[in-house]
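Report on one structure; see the data block that follows.
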Amino acid sequence: MQAALVAPPPIVSRQLNPPPVLAPAACRDQLDRPLKDLRLSVIDQCNFRCTYCMPKERFGRDYPFLSPGQRLSDRELLQIVRGFVSLGVEKVRLTGGEPLLRKGIESLVEGIASMSSTTGRPVEVAMTTNGSLLARKARSLRDAGLRRVTVSLDSLDDRTFRAMNDVDFPVQRVLEGIDAACAAGLAPVKVNCVVERGTNDGQVLPLVEHFRGSDVTLRFIEYMDVEGPSAWSRSRVMPSDEIRAIVERAHALVPVVRRSSETASNFLLADGSLKVGFISSVSHPFCGDCTRARVSVDGRLFLCLFATDSIDLRCQLAASRPAEAIADAVRDAWQARGDRYSELREERRANGKRQYPTVRMSLVGG
Ligand code: SAM
Ligand code: SF4
Ligand code: SF4
């Protein structure tokens, strides 16, 4: 894809956005945001214990993960997806926990990829994964209809990587997964790195150098305050502007026009060898562009990553026309939606007010 080059704006600039694509009026929320994307968490368990997401001290052996009986079956998840697709959703991202731990994930991918959106185009299926099982699954996922994959990778340094996943998993196997994804035709693969000050901020430039000239888009994410990590503090958040400055000390960056509803501010290295994105969820929240709904594997709809309440969609599965019943429930909920938690959290923080409760990232999928 040819990236358009424009004069450098500040990192959060919106003035270069193309006009938003209008969704049906029925699917716009209270802040006029259309419902465009679904993030479907297909399992709440994970084989990693990333310290910033599922720290061991909280997600130990006795943690009450959902039982197999509480998780929706493929057939039920497909009904839910059908409901969303009938409302105009064209992109479904499978996430978790670790989505590749779900048995038969390929048939779920296949079921979604074979749906047509309201525009007649096939529904686009993407996945976010820790990459640990990707080397052996990339080809079958691609054959099943997966179009895009995002792999989380916080460090190239093996010792740091093992410490961050906290299950001693070697970085080399994730790198092999990324290579397999590119080889299977899932390029451009996105690689996400959560930057935690004092832990892996020294890995920003090594990651840039490693992926230059490859089929990878590298994105740096600010460390968010999610449920679980007791170690979170504002001082451990490295703001995107600071991460970007590290990259700019070595490489000039040219901004890429931002698509509406895109979470990252993207840049190209001036020599065109790598696209780098910055996701500034903490320092510059982007709630105004948020067009994503989230569904957990037990069938609960979350209208925001930080929502503490949810809407039960499971009960709609018993209706005579389940996909229609789900569409009705989702439409009602979306039309009432006014969530903009990251913005509000920043305002509360600035005013020294008590914070909202935080989300369990591994349940709603990031
Ligand atoms: N297990 C998969 C993975 O790690 O890619 C998918 C689920 S994970 C919850 C989805 C994304 O959330 C990952 O890219 C992860 O880095 C991100 N994430 C988890 N905890 C985070 C935190 N505290 N701050 C920012 N991003 C976080
Ligand atoms: Fe698992 Fe992903 Fe959370 Fe890491 S970020 S613990 S891989 S769900
Ligand atoms: Fe969307 Fe909620 Fe995140 Fe804001 S805080 S961008 S509304 S998910």
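The values are calculated or read from the model by the stated rules, or taken from the named source; none is laboratory data. Quick caveat, the model's predicted, so the values are computed rather than measured. No Cβ is skipped: glycine too gets one built from the backbone with ideal geometry, and neighbour counts run over all protein chains shown.
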*Out of all the residues in segment 75-103, which are more than 14 Å from ligand 2 (Cβ to nearest atom) and closer than 9 Å to VAL42 by Cα?*
LEU77
*Which one is modelled with the highest pLDDT, of the residues in segment 221-250 that are surrounded by fewer than 21 Cβ atoms within 10 Å (Cβ to Cβ) and polar (S, T, N, Q)?*
SER235
_Leading residue by the ranking (surrounded by the fewest Cβ atoms within 10 Å (Cβ to Cβ)) among those in segment 155-181 that are assigned to a helix (DSSP H, G or I) and of a type in the set (Gly, Ala, Ser)_ = ALA163
*Being of a type outside the set (Gly, Ala, Ser) and crowded, with 24+ Cβ neighbours inside 10 Å is the filter here, so list the residues in segment 117-136 that pass it.*
VAL125, MET127, THR129, ASN130, LEU134
*Which condition number does LEU40 fail, the rest of (1) under 23 Å from SER280 (Cβ atoms); (2) modelled with pLDDT of 50 or more; (3) of a type in the set (A, V, I, L, M) being met?*
(1)
_Those residues of segment 302-322 which are among the hydrophobic types (A, V, I, L, M, F, W, C), assigned to a helix (DSSP H, G or I) and crowded, with 18+ Cβ neighbours inside 10 Å, in sequence order_ = LEU317
*Examine segment 278-289 for a residue that is within 16 Å of ligand 2 (Cβ to nearest atom) and either touching a residue at least 40 places away in the same chain (Cβ under 8 Å) or in a loop (DSSP other than H, G, I, E, B) (or both), and state whether such a residue exists.*
yes
*Name the one entry in SER73, SER67, SER41, SER114 that is out of contact with any Phe, Trp or Tyr (no Cβ under 6 Å at 6 or more places or on another chain), surrounded by fewer than 20 Cβ atoms within 10 Å (Cβ to Cβ) and closer than 27 Å to VAL191 by Cα.*
SER114
*Can you name the number of the only condition in (1) within 15 Å of ligand 3 (Cβ to nearest atom); (2) over 30 Å from HIS251 (Cβ atoms); (3) among the hydroxyl-bearing types (Ser, Thr, Tyr) that SER320 fails?*
(1)
*Where a residue in segment 144-161 is touching a residue at least 24 places away in the same chain (Cβ under 8 Å) and its partner, wherever it lies, is within 16 Å of ligand 3 (Cβ to nearest atom) and among the β-branched types (Val, Ile, Thr), with Cβ under 6 Å and at least six apart*: THR150/THR128; ASP154/VAL194
*Report the residue count in segment 128-154 for those that are in a strand (DSSP E or B) and either touching a Phe, Trp or Tyr at 6+ places or on another chain (Cβ under 7 Å) or more than 10 Å from ligand 1 (Cβ to nearest atom) (or both).*
3
_Cβ-Cβ under 6 Å pairs, at least 6 apart or on other chains, segment 114-137 side closer than 25 Å to ASP44 by Cα, far side within 16 Å of ligand 3 (Cβ to nearest atom)_ = GLU124/LYS91; ALA126/ARG93; THR128/THR95
*Assess whether LEU186 counts as being out of contact with any helix residue (DSSP H, G or I) (no Cβ under 9 Å at 6 or more places or on another chain) and surrounded by 22 or more Cβ atoms within 10 Å (Cβ to Cβ).*
no
*Would you pick out the residues in segment 61-98 that are polar (S, T, N, Q) and either in a loop (DSSP other than H, G, I, E, B) or touching a helix residue (DSSP H, G or I) at 6+ places or on another chain (Cβ under 6 Å) (or both)?*
SER67, GLN70, SER73, GLN79, SER86
*Specify which of the listed residues (GLY299, GLY365) is surrounded by 15 or more Cβ atoms within 10 Å (Cβ to Cβ) and either polar (S, T, N, Q) or touching a Ser or Thr at 6+ places or on another chain (Cβ under 9 Å) (or both).*
GLY365
*Looking at (1) buried (at least 18 other Cβ atoms within 10 Å of the Cβ); (2) in contact with a Phe, Trp or Tyr (Cβ under 9 Å, 6 or more places away or on another chain), which is the one condition that is false for ARG348?*
(1)
